[in-house]
1. Can you tell me the dipole magnitude for the range 3-85 around its Cα centre, using point charges on the Cβ only (Lys, Arg +1; Asp, Glu -1), in Debye to the nearest 20?
2. Whose amide H sits under 5 Å from the amide H of ALA140, counting only residues 5 or more places off or on another chain, with H placed in the peptide plane?
3. In whole Hz, with x marking every Gly and Pro, tabulate ³J(HN,Hα) for the range 33-44 from phi via Karplus 6.51 cos²θ - 1.76 cosθ + 1.60, θ = phi - 60°.
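All of the numbers you see were taken from the coordinates with simple rules; none came from a lab. These numbers come from a predicted model, not from an experiment. Every residue, glycine as well, gets a Cβ built from its backbone with ideal geometry; the counts of neighbours run over all protein chains shown.
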Amino acid sequence: MDTPTARAIDGGMNAPLTAKQIRILAISARLAFDCHRKFGLVGETERFDDWRHRQAFAAVGVSSLRAMRARHFRPALALFVGMQGRHMAAMRNTGLGATESQRQARAVLERECATAASWFGGEEGARRYVAGFLAHKRKAALESASDRDIWHGVFVLRRRVSQLRAAGMVPVNPETHLTLRRMEP
């Protein structure tokens, strides 16, 4: 895989946290801090910001919410939710964090298949195109493909649609089942 493709695949999880994610983490951290203070686990003189920075750094290696990336969101949230005594919710966030990249890649693939549907006779045709690529070139089934393989399939699908457009082809018409053909000048 070429370097730009690898960087693009990793880019989704390296995106900065959204304002909503920062707000969720800040509120969860505050609730955890209050629980710990209530049970005497935090010193009376310790400030919330200092405590939050220390806990976040211990959990994900980044102390500031503004410096955190998408890959840090679920582990940090699991930490703060667990500190509130909500262990089942913390375990759920830990599990979701482990599959976040996979879920994101599959969601983008579904969106791209819907976008490319007119070029492949429907979403299923676009999905079959990606599955064929993965089976032939990456030796992986679509259902069990890694997130990197799925992202590679997304980029191949996008590239193929661009090639068809550049070649002057028109999309498939699902009502008449016409195949791709060149546009008349």
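1. It works out to roughly 260 debye.
2. Residues meeting the criterion, in which the H sits 1.01 Å from N, are ALA135.
3. 4, 4, 4, 5, 5, 4, 8, x, 8, 10, x, 4
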